[in-house]
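What follows is a short report on a single structure.
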Amino acid sequence: MALQITWFYLWGLLWAIFFITDGFDFGVGALLPFLGKNDDEKRMMINSIGPLWDGNEVWLITAGGVTFAAFPLVYATMFSTLYTPLMLILFALILRGVSFEFRGKVESPAWRFIWDTCTFIGSVAPAILFGVAFANIFKGIPFDGQGVYHGTLLTLLNPYGLLGGVLFLVLFLQHGTLWTAIKTEGDLHERAALTATFLWPIVLVVAVIFLIYSAFATSLYANYIANPIWFLVILITVAALLGVRYFVGKKEWFKAWFASALTIAGAVFFGIIGLFPNLYPSSIKAEFNLTAFNASSSPLTLQIMLIVVIIFIPIVLCYQIWAYNLFKGKVTQEDLEYEEAY
Amino acid sequence: MDVVLLSRLQFAAATMFHFLFVPLTLGLSIIMAVMETKYVRTGDELYLKMTKFWGKLFLINFALGVVTGITLEFQFGTNWSRYSAYVGDIFGALLAIEASVAFFLESTLIGVWIFGWKKLSAKAHATVMWLVAAAGNISAIWILTANGWMQHPVGFTIRDGRAELVSFTAVLFNKFAILEFFHQISSALLLGSFFVMGVSAYHLLKKRHTDFFTRSFNIALVFGLISSFSTAFTGDLHGTHVAEVQPSKLAAMEAHWETSTRAPLHMFAIPDEENETNKVQIGSIPGLLSILAKHDLNAEVIGLKDIPKDERPPVLITFAAFRTMVGLGTLFPILMIIGWIKRKKLLESTGYLKIMVASTLLPYIAMEAGWVLAEVGRQPWIVYGLMKTSDAASPVASSQVLTSLIAFILIYSLLGAVGFYLMFTNAVKGPAQAVKE
């Protein structure tokens, strides 16, 4: 029991870290055509995430892998029932990944335009689709006891699902704008700063609608009402979002970014806490719900994986923080002269 | 077409494409780490130039390897959900360990390596390269432990309708997986060496950057020589083990129909699966199969006829893949010995250099063939003796899989074309143009 509960929250934590880290990459990629007015500015944006995005993306691999290892039935059912949206996410991530590497390899504006478009699509599509997928999971997915999906791609594009998509997108846009503000100077920095001020009320409105809509579209709040202490998580999340505006106002970009990261984590945990003990609820019948208890691996596997995760995830965090620290500071014109820059 | 066939085609396309990039990542990373270490030790700028030139090619290849790898991890869930639910307790754990123990390190540090030339000391930077190389190869340990378990499942019990782990050490020390790993690492190093030698030979023939490419060639030659022999040696060990635990694969890869002692080896054959015989058989050497498979002339080798029809792998593909792999595997040590003899007068050995240019892609063919042998030869099982591939697919609509398969083919063809174009042009350009000094 305790093992399964631990794994349930670890599962949520890994997704949260993925959205925090790769979230600003998505945001930067999505903003690339709008904030970057010329090739140098675009390159500054790409190089601001250049050394980090690859390591960030591994959090997705780990979240997926841990789902497989700790809750194989969830892994099997979730990814097969969400077949088409997941394929779209994967194709989008492929485009994004290669576009960084390919972009600068041929000296031609048309060539760069192709790969910048791929970066844009490869950043926007996953942001929206992850939001749609998670909102639908909060709501329940129409699958039966055999793991067969009774619906189409359009089933997922219901108002609540779409709202989830918009929420994730604006959260990541904000996250990416703040990152750009931290990492750049001059016109680009000013533009990012202005965008952050402009985006914030939109994020707030979407988040509030999402919180209210969740009360009608999902049963997430049942756990909060049963254990009101959990409401603290929502409070902290809202406080974090207010904090974003506060630090943006004070032009303390890193603190604003950090508050934005906390907001994203809060949004994920808002859902995770509400879902418990379900990882993947069925909207057809509650008895088909896949929970931390009926879909987990054997105690032996859970134990071994826990040891692995307890040892290695802190190590990973250490060297990733080291890498972030190594590349702190603004991306400048001089950095673009650097021969290995994207 | 049914979901199982479409999913198999998709998985085959996705893995085989992914695997065009993996071995070069594994092999070349080690060679680059050696080059960079030589730079640190000697301070000779040429080694730095070398590291950067080969690094540029490495990174294009690496990017393609990374993006095509992600889809693989998720395809077990999207397309093989019954399999994933059945074996996730063991198989899923191995993939998760791979990500947290190795892939994280590799992906985080590759960014540091690319962007860190001025931020780190030369020594620290070279250490990062070694860690990237190590992490990639440690990744391979876990992936091959997972594959080894599919080939020869150990350390589990069937409980509640699925395979559950009972001994983690049995899974870790699965002989099948260990042999796969050493064979894989050797052949990846071989492929990396041939890549470096092939590109170097091209430039040496044109008499360009002769010092640069002679030294590159000779560094790769050492690895190529060692790995061509260790590939053959580990392949032999692996083959004997396959003979022991996967009799149906052995029979198919040798087109061996009748159970017999002093079993013959056919140098060439065209198997006829319908009539359970070989249409053509050339160069059959009595007893050689018994010797190779069991290291004993009088050992009995089970023939395909004694394996139920619905448990036989496709004979022709398995046989042809094995012949291709072994044929090329025999050629590589010969080329390396010739190279070793000619190593001091490479520039004059134009004939040999031409052969090496032409051989650049041969290890790719050999390695793809090796994996075809491993995977097709395991059929009809997805987990040997435990679960059939036909029972493993997801309950999804065939139209979904057909659509994604077409999308895979389109996107991968595009990536393949761009990737090949970039690799080719950058390789041909050579260091002076590719690396701004």
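The values are calculated or read from the model by the stated rules, or taken from the named source; none is laboratory data. Since we're looking at a predicted model, the values are computed, not measured. Cβ: placed from backbone, ideal geometry, glycine included. Neighbour counts: every protein chain shown. Surface accessibility is based on the protein's heavy atoms, side chains included, excluding ligands, DNA and RNA. Shrake-Rupley method; radii C 1.70, N 1.55, O 1.52, S 1.80 Å.
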- Task: Please work out the FRET efficiency for the pair A:THR332 and B:THR403, using the Cβ-Cβ distance as r and a Förster radius of 35 Å; give the result to the nearest 0.05.
- Result: 0.20
- How large is ³J(HN,Hα) for each residue in the stretch A:220-237, as worked out from phi by the Karplus curve 6.51 cos²θ - 1.76 cosθ + 1.60 (θ = phi - 60°), to whole Hz, x for Gly and Pro? 4, 6, 4, 5, 6, 6, 5, 10, x, 4, 4, 4, 3, 4, 5, 4, 4, 4
- With x for Gly and Pro, the residue-by-residue ³J(HN,Hα) of the stretch A:65-77, computed from phi through the Karplus equation 6.51 cos²θ - 1.76 cosθ + 1.60 at θ = phi - 60° and given in whole Hz, is x, 5, 4, 4, 6, 8, 9, x, 5, 5, 3, 5, 6
- Query: Hey, rough spin-label estimate for B:ALA13 and A:ALA2, points 7 angstrom out along Cα→Cβ, what's it come to in nanometres?
  - Reply: 5.0
- Under the Karplus curve 6.51 cos²θ - 1.76 cosθ + 1.60, θ = phi - 60°, whole-Hz ³J(HN,Hα) for the stretch B:232-246, x wherever Gly or Pro sits: 5, 5, 5, x, 5, 4, 5, x, 5, 5, 4, 4, 6, 9, 10
- Under 5 Å, built H, 5+ apart or other chain: amide partners of A:TYR280: A:LEU290
- Note on the structure: Across B:164-176, the residue-averaged tally of Cβ atoms belonging to other chains within 10 Å stands at 2
- Task: Give the angle, between 0 and 90 degrees and rounded to the nearest 10, that separates the Cα long axis of helix B:175-205 from the longest principal axis of the Cα atoms of chain B.
- Result: 40
- Message: Tell me the net charge near B:LEU304. Cut-off is 12 Å between Cβ atoms, B:LEU304 excluded, with +1 for each Lys or Arg and -1 for each Asp or Glu.
- Response: -3
- Message: Around B:LEU335, under 14 Å between beta carbons, what's the net of Lys plus Arg minus Asp minus Glu among the other residues?
- Response: +3
- So what's the angle, to the nearest 10 degrees on a 0 to 90 scale, between helix A:186-217 and the longest Cα principal axis of chain A? 10
- Stretched fully, the stretch from B:LEU414 through B:SER121 gains (0.36 nm per residue minus C-alpha distance, one decimal, in nm) 101.6 nm
- Mean other chain Cβ within 10 Å across A:144-156 is 2
- On full extension of the chain, what length is gained from B:GLU273 through B:ILE341, given 0.36 nm per residue of separation minus the C-alpha to C-alpha distance? 19.9 nm
- Number of partner chain Cβ atoms within 10 Å, mean per residue of B:390-403: 3
- Of the residues B:PRO264, B:ALA63, B:MET387, the Cα lying farthest along the dipole of chain B towards its positive end, which is defined by charges on the beta carbon of Lys, Arg, Asp and Glu, belongs to B:ALA63
- Sort A:18-26, A:315-323, B:72-80 for me by packing, meaning the mean count of neighbouring Cβ atoms within 10 Å per residue, highest on top. A:18-26, B:72-80, A:315-323
- Counting only pairs 8 or more places apart or on different chains, how many lysine pairs in the stretch A:2-337 have C-alpha atoms closer than 27 Å? 29
- Item | Net charge contributed by nearby residues that have their C-beta within less than 12 Å of A:HIS150 (K/R +1, D/E -1) | 0
- Taking placed amide H atoms and a strict 5 Å upper bound, the residues 5 or more places from B:TRP80 or on another chain that come that close are B:SER394
- Query: How would you order B:275-284, A:287-296 from highest to lowest mean count of nearby Cβ atoms within 10 Å?
  - Reply: A:287-296, B:275-284
- In degrees, nearest ten, helix A:109-139 long axis to first principal axis of chain A (Cα): 20
- Potential lengthening between B:ILE291 and B:ILE158 on full extension [0.36 nm per residue; Cα-Cα distance subtracted]: 44.3 nm
- Note on the structure: Under 5 Å from the placed amide H of B:TRP381, counting only residues 5+ away or on other chains, we find B:THR389
- Item | Residue order for B:VAL87, B:VAL222 - accessible surface, 1.4 angstrom probe, largest first | B:VAL222, B:VAL87
- Take the alpha carbon atoms of the stretch B:311-380, find their center, do the same for the stretch B:207-270, and report the distance between the two centers in whole angstrom. 8
- Note on the structure: Magnitude of the Cβ-charge dipole (Lys and Arg +1, Asp and Glu -1) of the protein assembly as shown about the Cα centre, nearest 20 debye, reported as 1560
